[in-house]
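Notes for the one structure printed next.
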Amino acid sequence: MRRGPGLAIAVLVAAISALPLHAAERRAMRHAGADTNPMGTTNATLERRRMLAGVQSWRYQLRRIEIDEVARSRADLVVIDYAPDRVYGVELPFSAADVRRMQTKPDGSRRLVVAYLSIGEAERYRTYWNNAWYDEPTRPAWLLPPNPRWDGNFPVRFWNPDWQAIILGSPAAYLDRIVAAGFDGVYLDRADVFQELDKENPRAESDMARFIVQLAHHARTLDPNALVILQNAEELMRRAEVREAIDAIAKEDLLHGVEHDARPNPADMVHAALADLRRARNHGLKVLVVEYLDDAKAVARADRRIRAEGFLPLFAERSLGTLDHHGALLPE
């Protein structure tokens, strides 16, 4: 018997409900279903939610990535750099075969592997970089002075069409290459740069929201199941168009380390971030949290608090040069 679209969607929703979710995540999925017109929710959206609902552990590594180490990992989701090696400033990206190896767990089941992509800062170790840009007179109009906290990173006027063309829209653009290599999606960093540019551009927040929506739409023209995970910029969860465009949000330093140390963050800061992350959760988005902690007791306390919110924690070292730092601190 031929199945209509309504039945297909109902089957996918039932599959989501059957997955082993945290109680808070189940509430979030029910809330999302209640607010969504079933005929307006695409099968691809439900499939992406299903994939992320099954993620019970994750890892985040941007340096010294070893294909075999990722393949041996038990993690359900791994965030890595698109190009782990460089020769004379030219990136050597992972091949499609490399990505497939990392997507396969030791037991043969599927792992999600997504690629890091900075949309708010240029990085001098990327192929697009031109050494003439170090000097202010020869910088492009979209490039700003360097970020003093991260060597080699330069905030950008992300609304500039020339910068956006580096990110998406052609076979040479980063997003297009990431999808073509077979990654399951992208992990967007430095969307929060709009906070630093609002005096120069009063529309910076809305321009960033528009950029994320554009990016997500383009990714799904290439692959309907392409995941879009936003890191930080949780204020954007107040915008329905951003919540609808992304599949998950990750928050760094939720409870500790806003000053890049292990001290607890101010209570009002934590409260504000939690309000935005809860909004994302309540609209059915997966919420990931990464804390950069080494003390086992602090890790255990943070783990309990983060999981009580229905979020999925990770404990990593800040340089992101180790895949399983988490495993040394807290058992799976």
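The values are calculated or read from the model by the stated rules, or taken from the named source; none is laboratory data. In this text, all values refer to a predicted model and were calculated from it rather than measured experimentally. Counting neighbours? That spans all protein chains shown, and the Cβs are built from the backbone with ideal geometry, glycine included.
Return the total of residues in segment 86-109 being exposed (fewer than 14 other Cβ atoms within 10 Å of the Cβ) and at pLDDT below 95.
6
Go through the residues of segment 218-227 one by one and say whether even a single one is surrounded by 20 or more Cβ atoms within 10 Å (Cβ to Cβ) and among the basic types (K, R). Outline the logic, then answer.
Our first condition is that a residue be surrounded by 20 or more Cβ atoms within 10 Å (Cβ to Cβ); within segment 218-227, this holds for 219-220, 226-227.
The next check asks that each one be among the basic types (K, R); those that pass are 220.
Yes - at least one qualifying residue is present in segment 218-227.
If you take the residues of segment 186-217 that are of a type in the set (G, A, S) and more than 25 Å from V78 (Cβ to Cβ), which of them is surrounded by the most Cβ atoms within 10 Å (Cβ to Cβ)? Please lay out each step first, then the result.
We begin by selecting, within segment 186-217, every residue of a type in the set (G, A, S); these are 191, 204, 206, 209, 216.
Restricting the remaining residues to those that are more than 25 Å from V78 (Cβ to Cβ) gives 204, 206, 209.
Values: A204: 19, S206: 15, A209: 21.
Among residues in segment 186-217 that are of a type in the set (G, A, S) and more than 25 Å from V78 (Cβ to Cβ), the one surrounded by the most Cβ atoms within 10 Å (Cβ to Cβ) is A209.
Specify the residue that is nearest to W150 (Cα to Cα); the eligible residues are those in segment 168-204 that are among the aromatic types (F, W, Y) and in a helix (DSSP H, G or I). Before you say what the answer is, go through the steps one by one.
Applying the first criterion (among the aromatic types (F, W, Y)) to segment 168-204 yields 174, 183, 187, 194.
Within this subset, residues satisfying the condition of being in a helix (DSSP H, G or I) are 174, 194.
Numbers: Y174: 21, F194: 17 Å.
Among residues in segment 168-204 that are among the aromatic types (F, W, Y) and in a helix (DSSP H, G or I), the one nearest to W150 (Cα to Cα) is F194.
Any residue in segment 46-74 that's without any contact (Cβ under 8 Å) to a residue 40 or more places away in the chain: show its pairings with residues that are part of a loop (DSSP other than H, G, I, E, B) and among the aromatic types (F, W, Y) at Cβ separation under 9 Å, as long as the two are six or more apart or on different chains.
Listed by first residue and then by second, the contacts come to I67/F94.
So A209 fits all but one of (1) under 17 Å from the mean Cα position of the chain (by Cα); (2) more than 30 Å from D98 (Cβ to Cβ); (3) outside any helix (DSSP H, G or I); what number is the exception?
(3)
Taking the criterion of being part of a helix (DSSP H, G or I), over 24 Å from V79 (Cβ atoms) and either within 14 Å of the chain's Cα centre (by Cα) or touching a residue at least 24 places away in the same chain (Cβ under 8 Å) (or both), would at least one residue in segment 226-238 satisfy it? I'd like the intermediate steps shown before the answer.
In the first step, residues of segment 226-238 are kept if they are part of a helix (DSSP H, G or I); the result is 234-238.
Checking the rest, the ones that are also over 24 Å from V79 (Cβ atoms) come to 238.
Filter once more, keeping what is either within 14 Å of the chain's Cα centre (by Cα) or touching a residue at least 24 places away in the same chain (Cβ under 8 Å) (or both): 238.
Yes.
For segment 51-68, name all the residues that are surrounded by 16 or more Cβ atoms within 10 Å (Cβ to Cβ) and part of a helix (DSSP H, G or I).
M51, L52, A53, I67
Can you tell me which residue in segment 120-149 is nearest to the chain's Cα centre (by Cα), limited to those that are without any contact (Cβ under 8 Å) to a residue 12 or more places away in the chain, surrounded by fewer than 16 Cβ atoms within 10 Å (Cβ to Cβ) and assigned to a loop (DSSP other than H, G, I, E, B)?
Top of the filtered list is P148.
If a residue has to be over 18 Å from R238 (Cβ atoms), crowded, with 20+ Cβ neighbours inside 10 Å and of a type in the set (G, A, S) to count, how many in segment 270-327 make the cut?
Final tally of qualifying residues: 3.
List every residue pair whose Cβ atoms lie under 8 Å apart, where the two residues are 6 or more positions apart in sequence or sit on different chains, the first residue falls within segment 314-328 and is assigned by TED's automatic domain parsing to the domain that holds H256, and the second residue, located anywhere, is at pLDDT below 85 and of a type outside the set (A, V, I, L, M).
Final answer for the pair search is L314/H326; F315/H325; F315/H326; A316/H325; A316/H326; E317/H325.
Residues A24, A28, A44, A83: which one is modelled with pLDDT under 95, among the small types (G, A, S), farther than 25 Å from R305 by Cβ and not assigned by TED's automatic domain parsing to the domain that holds Y125?
Details: A24 fails: farther than 25 Å from R305 by Cβ; A28 fails: farther than 25 Å from R305 by Cβ; A83 fails: not assigned by TED's automatic domain parsing to the domain that holds Y125.
A44 is the lone residue from the list that is modelled with pLDDT under 95, among the small types (G, A, S), farther than 25 Å from R305 by Cβ and not assigned by TED's automatic domain parsing to the domain that holds Y125.
Just need a number here: residues in segment 72-119 that are over 15 Å from the mean Cα position of the chain (by Cα) and either more than 18 Å from A181 (Cα to Cα) or of a type outside the set (D, E) (or both). Break it down stepwise before answering.
Step one: of segment 72-119, the residues over 15 Å from the mean Cα position of the chain (by Cα) are 72-75, 83-111.
Checking which are either more than 18 Å from A181 (Cα to Cα) or of a type outside the set (D, E) (or both) leaves us with 72-75, 83-84, 86-90, 92-97, 99-111.
So the answer is 30.
For segment 69-112, name all the residues that are of a type in the set (G, A, S), at negative phi and in a loop (DSSP other than H, G, I, E, B).
Let us first name the residues in segment 69-112 that are of a type in the set (G, A, S), namely 71, 73, 75, 83, 89, 95-97, 108-109.
Checking which are at negative phi leaves us with 71, 73, 75, 83, 95-97, 109.
Residues satisfying the conditions are S73, A75, A83, S95, S109.
Taking G182 as the residue in question, decide whether it is surrounded by fewer than 21 Cβ atoms within 10 Å (Cβ to Cβ), assigned by TED's automatic domain parsing to the domain that holds L274 and under 25 Å from L112 (Cβ atoms). Outline the logic, then answer.
Working: surrounded by fewer than 21 Cβ atoms within 10 Å (Cβ to Cβ): yes; assigned by TED's automatic domain parsing to the domain that holds L274: yes; under 25 Å from L112 (Cβ atoms): yes.
Yes; evaluated as a whole, the condition is true for this residue.
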